[in-house]
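A short worksheet on the structure shown next.
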Amino acid sequence: MKPSFPITVFFLEDGDKWILEDEIDIAQNLEWFNSDDPEEQAIVTDKSGKPVRLVVENLELLTCEIITEEKKN
């Protein structure tokens, strides 16, 4: 399921909060990011506050989807 923009990324380590308006904004600002990686220490949500899975590699957005209960397991 596609998330609603804007996407918010809250970085737990330093408390930074990024608001990303679209897919291009995500790719350009995150460059290399995987929300499933515990080392990222970030909470990613969409406009409605739903959790979002984001994967960006080398400025290319590979995954941007709502995390559903089935996908958590």
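Computed quantities for the displayed model
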{"read-out": "FRET efficiency for residue 37 and residue 4, using Cβ-Cβ distance with R0 set to 25 Å, rounded to 0.05", "value": "0.60"}
{"read-out": "The chain: calculated mean residue ellipticity at 222 nm from DSSP helix runs of at least 4, using -39500 (n - 2.57)", "value": "-3500 deg cm²/dmol"}
{"read-out": "The chain, relative contact order in percent, only Cα pairs under 8 angstrom and at least six apart counted", "value": "33 percent"}
{"read-out": "Hz values of 3J(HN,Hα) by residue in the range 53-64 - Karplus curve (6.51, -1.76, 1.60), Gly and Pro given as x", "value": "9, 10, 9, 10, 10, 6, 6, 10, 6, 9, 9, 8"}
{"read-out": "Test item: Cα-centred dipole of the range 7-72, Lys/Arg +1 and Asp/Glu -1 on Cβ, debye", "value": "340 debye"}
{"read-out": "Label of the coordinate-derived value, log10 I(q)/I(0) by the Debye sum over Cα atoms at q = 0.14, 0.20, 0.24 Å⁻¹, listed as (1) -0.37, -0.79, -1.16; (2) -0.77, -1.26, -1.20; (3) -0.76, -0.95, -1.08", "value": "(1)"}
{"read-out": "Total lysine pairs whose alpha carbons fall under 15 Å of each other in the chain (8 or more apart, or interchain)", "value": "6"}
{"read-out": "Whole-Hz couplings from phi, Karplus 6.51/-1.76/1.60, listed for the range 11-23; x for Gly and Pro", "value": "8, 5, 4, 10, x, 5, 10, 10, 10, 10, 7, 7, 5"}
{"read-out": "Protection proxy ranking of 24-36, 1-13 - average other beta-carbon atoms within 10 Å, highest first", "value": "24-36, 1-13"}
{"read-out": "Amide H contacts of residue 67 (H built 1.01 Å from N, under 5 Å, at least 5 apart or other chain)", "value": "52, 53"}
{"read-out": "Long-range amide H partners of residue 42 with built H, under 5 Å", "value": "12"}
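Laboratory data are not the source of any read-out in this text; all were calculated from the coordinates shown. Predicted model, so just to flag it, every value in this text is computed and none were measured. Cβ sites come from the backbone with ideal geometry, for glycine too, and all protein chains shown count toward neighbours.
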